[in-house]
Each structure stands twice: as C-alpha cells, then as structure tokens.
1. Pick out the one residue from 486, 509 that is under 21 Å from the mean Cα position of the chain (by Cα) and part of a loop (DSSP other than H, G, I, E, B).
2. I need a count of the residues in the stretch 264-278 that are in contact with a helix residue (DSSP H, G or I) (Cβ under 8 Å, 6 or more places away or on another chain) and in contact (Cβ under 8 Å) with a residue 40 or more places away in the chain.
3. I'd like to check something: does the stretch 23-30 contain any residue that is within 30 Å of residue 130 (Cα to Cα), assigned to a strand (DSSP E or B) and at pLDDT 90 or above?
4. All but one of (1) at pLDDT 85 or above; (2) in a loop (DSSP other than H, G, I, E, B) hold for residue 280; which doesn't?
5. If residue 556 passes every condition in (1) at pLDDT 95 or above; (2) over 24 Å from the mean Cα position of the chain (by Cα); (3) surrounded by fewer than 18 Cβ atoms within 10 Å (Cβ to Cβ) but one, which one does it miss?
6. Do any residues in the stretch 183-194 that are modelled with pLDDT of 90 or more have Cβ atoms under 6 Å from those of residues that are part of a helix (DSSP H, G or I), where the two are at least six apart or on different chains, and which pairs are they?
7. When you go through 470, 454 one by one, which is the residue that is modelled with pLDDT of 95 or more and either part of a loop (DSSP other than H, G, I, E, B) or under 16 Å from the mean Cα position of the chain (by Cα) (or both)?
8. Is it the case that some residue within the stretch 243-258 is part of a helix (DSSP H, G or I) and farther than 29 Å from residue 427 by Cβ?
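The values are calculated or read from the model by the stated rules, or taken from the named source; none is laboratory data. Owing to the predicted nature of the structure, the values given are computational and were not obtained by experimental measurement. Cβ coordinates were reconstructed from backbone atoms using ideal geometry, including for glycine residues, and neighbour counts include every protein chain displayed.
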C-alpha cells in the first residue's frame, strides 16, 4: 500500500563552516554539491538525500500512525536516495526500481548555494506524487531536473502506507495521510534551517497527489501547515479519491492473505496482516484484482474516519482556513486509462478499450456502461428512479447523436468512443473539480483554474485514432518524468514552449501567489465569471469565461433531484457507499 510525496522548495544557503552540514531537530546531516548551468552561469545546488522524517514503518509499526524518527548522534551522510516504496502489486513496479523497501519514509532536499537578492527566506513548494495511492515513486524525478527546473530548493518525500482499513478505531486507515502530516510537520520544524520560509509553503500534487492536497487542505490536523495549494488533475471531491469501500476491499485482501479467520476482530486482523511479508500482501492484492472496472477504480483510498476527517468533506471545506489555490485538468484525462495504459498496468480495472476493439465500439457499449457501471438501478430508492437517471445521462451525452447519421461504421464507433472518454473524464476529474472550486469560491478562496489542451501527436501510437491532452501531460514539463503514459525521448520546440508556459506559471504562483506570465494575465474566479479559466497551450494561452458550466449544472441537478450522488459515490441520506447499499 503506497502513497508518494515529494516536496520542492526555494531557500537560502546554509551558513556553516561546512556548507554541506545542516543540523536538523533529530541530528546533523551532510549533503553534497550538484553543479548546474543556469542561464549559462555555473551554479551549485546543495543536495541532501535520504533524510528520515519518521521511524521506519516496519514490523509492529506497519499500519500505524507514523512516529518521529529516532535522534542520531553522529553526522549522517545524505548522499544517496532511500529505496522506493513498494506498490500494491508487483505489476505496479512500473518504474523498474530494483531497490524497494517498506523503510522508505525519507525526504530529499536540494537547496541553492547562492544567496537570495533580498536576504529573505525563500518560499517552499511541496509536491505529492500521483499513482492512484498505489504506484509510482518520486525517484522518477531526476535530481538534475529538481535543481534546474526549480533552481531553488526541492524536497522529495517517499513513503509507504496505503489506506487499508476495517472502518473502526482499531484499524481506521488513512495511514498515508498521517505520513504526509508527519512529513509536513518535519518541514515546518526544519525548513528554515535550509533557508525555507515556514510561513510561505505551497503544497501541490498530481492525480492522487492532488487529491491528497485537497484532503490536507480541509483536515483540521494539517490545514494550518501551509499557505497555498496547487492541484493538478485531482480532487478529494471525486469518488475515487475518498470512499468507505476501502473497508470491504480490506476484508477481501485479508481473505486472500489467509487472514480471513480474523475478520470479526479488527485487532486480530491487523495483527495478522502485520505478520505477512510484503510479497504475500502484494500477491493477495494481485489475486483479488488490483482495480475495479469503473471510474472509481482504486481499492485502497482514504476514508472519512472521524479522526483525520472529523466531519464530511463539504463541511470540512466550509470550516477550513482560506488559501490561494491553483487547480486544473487536461481536456481528455481519461485517454490515459482507456486507450493509452498498457494492459498490465495495475490501474487498468478493465475500463480500457484495446486497439482491436475500437472499430466495434457502439451505442450499445456506451449505454451498457451507463446502465451497469455508472448508474446501476440498485443504487437508487426504486427501479423507476434508477431508469430515469440512466436515461437522463444517456440523453445528455448523446444529445448531438444526429452527428453520426449517415456515417460509416468506423466514424460511428469513434463518436461513441469519444462519448465514453467524455463521461469518464467528467466523472473522474472535471465535474468533481468544478464542484470543489464552486464551494471554494462561495467561501472566498482565491482560485485560479486552468485546462490544458496541448499534446504532441508524435508520441501517440499509430493505432490510437483519438488524441487529446491526457492524464500525465504535466509531468514531463514540470519534472522530466517521461514514461507516463508513453515514453518521451526528446522534447520538440513546441514541447519546450509549453514547458515554459506551465513551469513559469507554477513558479510564479509559488513565489507571488499569482500564476500570471508574460503571455497570459491570469484572473481568479470572481462574481462575474465564477468558472473562468486559463486555457494552457504553447502557442496561444488565454483566459476564457467558463469551463463546462453545462456539465456542472447537469450533474449538480442530478445530485439534487435523486437519492444517490454519482459524483461522490454516496447515498445522500445515509452517506453509504455503493458496497454498503
């Protein structure tokens, strides 16, 4: 069970007889120099790798809240990255890391060796990696990319712990979020020693990492540890981001891990799972199936637990301190999961359409998906309500069905496949994000929203007929992560221009609170334009008046008028999940 976190920041040099020695609250560490060329001027970045921020979560500390690291007396060499965390399943080791360990609660820090112009502390950027709470590693980010792209200071956290839970106080779950909390507490207490300003921390994340940012923003335990947030393709208002279904998935895992005789006693169940090897746990998840065949494909997620989250998501947001927020999506996020992911990837829950199946995709396929997966009748108070909801969804997405009249079978198949992509992109990313920004705007949060519509078609396999800006499109320009969802071997001139637009926007937001760049003056949401957004691409980035207001309105009305909230995956009255009904 895995969650990945990485931090990036922008601080001052360390004042010491040895410039590579830093005394943390737990002991002294020694880093090393990394030379970079910035604007043709050689500069040195100080690197500190493998700094523990918690005790190793092994043996009896597995499936427990993290504890502070043990203090050390001798100088600790921080010259090598800690091992990558284990994913949920072996096929999730898509980074090909040969060095995995449960003992992975460490951070890496890169800090400039030159003084700031004004002598002040620098702002801090925290980055939380994606991977569906189950795969990926911050070790995918090259050290040189951390130094060059942010040219200030980068912190990278890696840590194990997923979200297995039995739903009671003995095995409450959310351990990954508790690890994030511990990491942020370490940053608060130590970042000034690296030149970072503990009063100017921005946390950001991609995908599940963005959902974690959203979660940390509303939990009263964590939301005072930072001042700004950036969410890229993820929100805690998505069903895949938070669900009590983790309780039922934990029971399934226990059965496949030969702990089924402990299901009636959560203490004994946790004890049994603690006694299993990592390989036994990964094998159990592999055999139970590592993902569901629906937009909420993730098995082990956070849950509302009356501890980290003492109230429901919307109430917590209403009571949370206001923060500046940069948030956005790619225009066709679901492309990655439906047409681009390798069939062996652990997050493919059966939703993908293989190349050989594309030309036969039909209206029947789309309607069956809506009726059986998105809105099955069993979710609603009666069969008639279920049928009514199903038909409204089908009518909304196929309202332009006349476009396929008179077209050949291939064109018709592509039309319905696009609709399949649309509804998955909407349910997983766009509509939940719009709901979150709507609630934030109502509470007075300064929100800057964007949508990316750029992609380079040369990276697409030739057998993929539908192209668009996909889930992961931010990772190459921001972090040089070039293997999601396909390998990018070199950047084109247009790619580099897009990198300039996106990276400069992020850096400016972190340093000034406003993402505006020379070619685009960003505007936050306001009363006149409550859904305005920046359309990001390399050639013509621009502000537009409203992002999919018709989609937000449709799904909001569906939620208001019927008994089950399909965006959050909850019965409105009982707040029960699909598995609890």
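1. Sole residue among the options that is under 21 Å from the mean Cα position of the chain (by Cα) and part of a loop (DSSP other than H, G, I, E, B): 486.
2. 3
3. Within the stretch 23-30, one or more residues are within 30 Å of residue 130 (Cα to Cα), assigned to a strand (DSSP E or B) and at pLDDT 90 or above.
4. (2)
5. Against the list (1) at pLDDT 95 or above; (2) over 24 Å from the mean Cα position of the chain (by Cα); (3) surrounded by fewer than 18 Cβ atoms within 10 Å (Cβ to Cβ), residue 556 comes up short only on (2).
6. Pairs found: none.
7. 454
8. Looking for residues that are part of a helix (DSSP H, G or I) and farther than 29 Å from residue 427 by Cβ, one finds at least one in the stretch 243-258, hence yes.
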